């Protein structure tokens, strides 16, 4: 008889000699159930009836808690509970486990990790249902011998099984003895060795005897550590504010794939990467709907290749981390990789020019091919095939962009050792793709402003009239097409799939064109190059130009990323339309409240779509009134308390210099991106920016930004256009108000408030 994943795991444990409660795997079709129970469970009064779906508790998916299970079941009620388990499969195949139920004295779960000597034991008195359901429990962190590294004993809700019923009481007694802890640790190590992968093991003590209730692979568990660190850092530049489930799950997939590819191309074996898949599957996290880096796992990635300290610093610089934590090392590069690594890196450096050129050429080619698809008429099956193509073609070799980032950080690190902070800021101006969009907008706007009927439509925001009239002016229509082809995927919140771009909402394009007909570039970057680098020695000049080369290319890659995500956005919005037509969802945008897995596996989840969307809409709506911290640490996976931020006080506030120059002018606070009807301010103040803010940044005379680094997109654009800028100004959007008059000193990072409006 075919059996599901849980039953298979129990059979392996039993065959290996582990103490497993008596069980059978039942397919629900045999008319001889009573006889089967009599022959296998003589004298047993109470049972556990548990799920064992195909794929459950496999190396790829655990499905923990997804299917129905029951405990403390009397023999006469077993058929009824079997039906409930089978119904919970919702079309999936599988068997049912009927197992002797243990009214235990203590129980829980424990987690192992490959190449780590740490084991985490979560335990409680009585039944382990409370632990499995995520309720408060005791926690022990031990080494493989069972020596306690840390223990936390808590007051907890406890379930005892007495006289056929579960009784809930509160207890603060310790749930395990030192001897039991040592026994659990030794057993955990043996089970991990048996299955050859990190394990999530459920166990129980009855009358002092240890029973193993189940063991499954850990598919998405965080690395075992006492404290976890989370930082929004520069990820908030790409994913500001609340991020919906589809965007987060898509980003999870992209980050996991790209960094696995990066390390594999750096000499790490696929087998080793697979062993630590939990690291790559948890590079990101969310807190109240906001996206964060899981810094523990970023630091773990730095351990895979030689030079941990340097790798760690590069990661910190690349993501502008506020956290500089020390995480205990658990991963060591192989001896072969230690020897070969310098040669491998040398080869990468020598060939990177050709490698990156080939990558850019391929991405542009694939984007052009994707644009030929008629998205409005694709079927669901065609959409899934197209998604697979995006995944296999467009995301292929995307690790090359990360290698480019490391080159940027490496050369910047060398420059910081050669030059003072003031000199660094002075020489970091370079030509990039970042401001080419501004020039293109200005040219389009100026051309259109000379044609009365077109310009009238722009000023009135009349998209329909504009689209009809533009057909009479083929040259301008062609230039707009080129602009959309190049920058159609570039807009604020461009990496959030739920956002609408200018390709979906043409009124946004008209709003920008309206403001740009009088735009004049303030600074020519080429002139600045001559002014800033002429005094440098040859060595400094050489390193600086290497830095500029890779930093400029970084902006090219960002634009390619924007257009790639635009393809994914169009694809998922089409799937949303299909689901509305099929009466699966109420609205097209409901698609963004589903995860990537739920969308790609329609047959599995379709019956749950509406309930999932409704639940998540309510949950995400509640997040709007919460302002979580930019970074935090948490122990035992407990969410930190969200406190109100401390405001800067006094007449001056400060931050990090990003672009030199002084400006005195009027403040406008942007809590989110929008194109104003007119530019009635001098200095733009906001929390985060992304590349889609470029048109608005270029129209400002000064910038004050709460988050970001000297290599953030806003900083690069500001230096190239000669806009005084200060970044890292905590609580600027709270302290400063619309209409305030301030003096902004970009060279020193000082903002002097000269006049507060409405105070």
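The values are calculated or read from the model by the stated rules, or taken from the named source; none is laboratory data. The structure presented is a predicted model; accordingly, all values stated were derived computationally and were not measured. Neighbour counts are summed over all protein chains in view; Cβ atoms, including those assigned to glycine, are modelled from backbone coordinates with ideal geometry.
Restricting attention to the stretch 574-609, the residues being assigned to a helix (DSSP H, G or I) and more than 25 Å from the chain's Cα centre (by Cα) number 7.
Out of all the residues in the stretch 90-99, is one or more at pLDDT 80 or above and either within 30 Å of the chain's Cα centre (by Cα) or closer than 30 Å to residue 172 by Cβ (or both)? No, the stretch 90-99 has no match at all. Of the residues making up the stretch 345-367, none is under 20 Å from residue 258 (Cα atoms), under 25 Å from the mean Cα position of the chain (by Cα) and outside any helix (DSSP H, G or I). Can you tell which of 144, 156, 118 is touching a helix residue (DSSP H, G or I) at 6+ places or on another chain (Cβ under 6 Å) and modelled with pLDDT under 85? Going through 144, 156, 118 in turn, the sole match is 144.
Look at (1) at pLDDT 90 or above; (2) in a loop (DSSP other than H, G, I, E, B); (3) surrounded by fewer than 19 Cβ atoms within 10 Å (Cβ to Cβ) and you find that residue 306 fails only one, number (3). Applying the criterion of being part of a helix (DSSP H, G or I) and touching a helix residue (DSSP H, G or I) at 6+ places or on another chain (Cβ under 9 Å) to the residues of the stretch 334-344, the residue that is farthest from residue 634 (Cα to Cα) is 344. One residue stands out in the stretch 711-727 among those that are over 15 Å from residue 690 (Cα atoms) and modelled with pLDDT under 90: the one that is surrounded by the fewest Cβ atoms within 10 Å (Cβ to Cβ), namely 722. Among the residues of the stretch 318-333, are any part of a helix (DSSP H, G or I), under 17 Å from the mean Cα position of the chain (by Cα) and either modelled with pLDDT under 90 or in the same structural domain as residue 715 (by TED's automatic domain parsing) (or both)? Yes, the conditions are met somewhere in the stretch 318-333.
Yes or no: residue 130 buried (at least 17 other Cβ atoms within 10 Å of the Cβ), free of Cβ contacts under 8 Å to residues at least 40 places away in the same chain and not assigned by TED's automatic domain parsing to the domain that holds residue 50?
Values: buried (at least 17 other Cβ atoms within 10 Å of the Cβ): yes; free of Cβ contacts under 8 Å to residues at least 40 places away in the same chain: yes; not assigned by TED's automatic domain parsing to the domain that holds residue 50: yes.
Judged against the criteria, residue 130 is a match.
I'd like the full set of residues that are out of contact with any strand residue (DSSP E or B) (no Cβ under 7 Å at 6 or more places or on another chain) and surrounded by 14 or more Cβ atoms within 10 Å (Cβ to Cβ), limited to the stretch 196-208.
If we filter the stretch 196-208 for residues that are out of contact with any strand residue (DSSP E or B) (no Cβ under 7 Å at 6 or more places or on another chain), which is where we start, we get 196, 206-208.
Scanning the stretch 196-208 gives a single hit, 206.
Taking the residues in the stretch 368-416 that are part of a loop (DSSP other than H, G, I, E, B) and either touching a residue at least 40 places away in the same chain (Cβ under 8 Å) or in contact with a strand residue (DSSP E or B) (Cβ under 9 Å, 6 or more places away or on another chain) (or both) as candidates, determine which candidate is surrounded by the fewest Cβ atoms within 10 Å (Cβ to Cβ). Result: 379.
Give the residue that is surrounded by the most Cβ atoms within 10 Å (Cβ to Cβ), with candidates limited to residues of the stretch 150-186 that are in a strand (DSSP E or B) and either out of contact with any strand residue (DSSP E or B) (no Cβ under 9 Å at 6 or more places or on another chain) or touching a residue at least 60 places away in the same chain (Cβ under 8 Å) (or both). If you could, list the steps in order and put the result at the bottom.
We begin by selecting, within the stretch 150-186, every residue in a strand (DSSP E or B); these are 150-152, 156-162, 165-171.
Checking which are either out of contact with any strand residue (DSSP E or B) (no Cβ under 9 Å at 6 or more places or on another chain) or touching a residue at least 60 places away in the same chain (Cβ under 8 Å) (or both) leaves us with 150, 152, 161-162, 165-166.
On the way: 150: 13, 152: 14, 161: 18, 162: 9, 165: 8, 166: 14.
It comes out as 161.
Being buried (at least 20 other Cβ atoms within 10 Å of the Cβ), touching a residue at least 24 places away in the same chain (Cβ under 8 Å) and at positive phi holds for only one residue in 692, 702, 661, 708, and it is 708.
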